[in-house]
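Report on the structure given below.
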Amino acid sequence: MKKVVTHSGNFHTDELLAVAILRLTFPEPFEIIRSREVEVIQSGDFAIDVGGIYDPPHGRFDHHQEGGAGKRKNGILYSSFSLVWKEFGGKAIKALAKKHSVEISEDQTQDIWNSIDEHLGAPIDAHDVGMETVSPVFDGVYPYLAHNVFSAFHPTWIEEKTYDEAFIEALQVAIKTLSGEIVHRLAEKKAEEEVLSVYEKAEDKRLIILEKKFPWKGILSRFPEPLFVVEPDLTPSLWKVGAVRDDRHSFKNRKSFPLTWAGKNGEEFKNLTGVFGAVFCHNARFVAIAKSKEGAIALARLAVDSSN
């Protein structure tokens, strides 16, 4: 049984997710010890965020020592998450690909590694080392970030709970979070060939019609034509029309549904559009729902041809 040592007391997002990487990489059980005692740290197969040493071949992944443990090209200093991700991220990706019977190439593995490193690693590093990455658009309104989620697990003075107990609770969420991020990207890679095939065959590339609920946002945004995508909804018997965006992190649609559709639903929406089975259009005009594939396609075509 492998022994993983991380520091005692308060815990942070970087070591939680770093331990999660190891848990996904090594499926067999391992012992987790939280300590700052030198002898205990030295006894571990891995020492995460503690010990003052960065030495991957010997399983040492700390960044608190004088001089730190390196930094990204953009200047953000590494935290323990990214140190472990550099060493074991690819192995964790392949382990989950095997679990879900997804064949994945080295290039695809690297693409997923890069995506998570940018999407998850960089902001976690920045927050852990005290580097600002966001400023509020609205006065006093800040994003609710990963560290806010995991800080909610910290014991309070009104609870009878230790830091060690809270760490294990939070670790389960960290494992599920990282696993979910990887699996979503695996699903996108597995769907990529089929989504690209549909795009290539589409007569009107402004409207892409998918027969399965493939993850398409990071794929179709590479091409300039798509405006709307029709796909089955997760709710049985419903179909969805989604607006395409150039950037999945943005709320800016390439083209929104007509302004008159915003917030409409039921009979009002059906009568407004003239589409039988039209169900709903979101206030932000990025998604609309219909009771059939044909209804969804009809809504999408109206939206494509509209002047907004």
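The values are calculated or read from the model by the stated rules, or taken from the named source; none is laboratory data. Note that the coordinates shown come from a computational prediction; the quantities given were computed from them, not determined experimentally. Every residue, glycine as well, gets a Cβ built from its backbone with ideal geometry; the counts of neighbours run over all protein chains shown. The area values use the complete protein model at the heavy-atom level, side chains included, leaving out ligands, DNA and RNA. Shrake-Rupley method; radii C 1.70, N 1.55, O 1.52, S 1.80 Å.
If you go through region 150-162 and keep only what is open to solvent by 90 Å² or more (accessible area, probe 1.4 Å) and either among the aromatic types (Phe, Trp, Tyr) or in a helix (DSSP H, G or I) (or both), you end up with just TRP157.
Looking at SER250, is it among the hydroxyl-bearing types (Ser, Thr, Tyr) and within 30 Å of ASP117 (Cα to Cα)? Judged against the criteria, SER250 is a match. The set of residues in region 11-30 that are part of a loop (DSSP other than H, G, I, E, B), at pLDDT below 95 and not charged (D, E, K, R) comprises PHE26, PRO27, PRO29.
Could you pull out the residue among ILE41, ILE33, ILE76 that is at pLDDT 95 or above, within 22 Å of GLU169 (Cβ to Cβ) and either open to solvent by 50 Å² or more (accessible area, probe 1.4 Å) or among the β-branched types (Val, Ile, Thr) (or both)? Of ILE41, ILE33, ILE76, the one residue that is at pLDDT 95 or above, within 22 Å of GLU169 (Cβ to Cβ) and either open to solvent by 50 Å² or more (accessible area, probe 1.4 Å) or among the β-branched types (Val, Ile, Thr) (or both) is ILE33. Only one entry of GLU188, GLU200, GLU193 meets the criterion of being free of Cβ contacts under 8 Å to residues at least 40 places away in the same chain, part of a helix (DSSP H, G or I) and more than 19 Å from SER115 (Cα to Cα), and that entry is GLU200.
The residues listed here are SER105, SER115; of these, the one that is without any contact (Cβ under 8 Å) to a residue 24 or more places away in the chain and farther than 24 Å from ASP62 by Cβ is SER105. Being open to solvent by 40 Å² or more (accessible area, probe 1.4 Å) and small (Gly, Ala, Ser) is the requirement here; does GLY89 meet it? Taking the combined requirement at face value, the residue does not satisfy it. Check whether at least one residue in region 146-166 is modelled with pLDDT under 95, farther than 29 Å from ASN74 by Cβ and in contact with a Pro (Cβ under 6 Å, 6 or more places away or on another chain), and report yes or no. Yes. The set of residues in region 278-298 that are touching a Leu at 6+ places or on another chain (Cβ under 9 Å) and either under 19 Å from ALA262 (Cβ atoms) or of a type outside the set (D, E, K, R) (or both) comprises ALA278, VAL279, CYS281, ARG285, ALA288, ILE289, ALA290, SER292, ALA296, ILE297.
The helices (runs of 4 or more DSSP H) found wholly in region 206-308 and carrying at least 3 residues that are among the aliphatic types (A, V, I, L, M) and either free of Cβ contacts under 8 Å to residues at least 60 places away in the same chain or exposed (fewer than 12 other Cβ atoms within 10 Å of the Cβ) (or both) occupy 293-305.
State whether one or more residues within region 180-197 are closer than 30 Å to VAL241 by Cα, at pLDDT 95 or above, open to solvent by less than 90 Å² (accessible area, probe 1.4 Å) and in contact with a Lys or Arg (Cβ under 7 Å, 6 or more places away or on another chain). No, every residue in region 180-197 fails to be closer than 30 Å to VAL241 by Cα, at pLDDT 95 or above, open to solvent by less than 90 Å² (accessible area, probe 1.4 Å) and in contact with a Lys or Arg (Cβ under 7 Å, 6 or more places away or on another chain).
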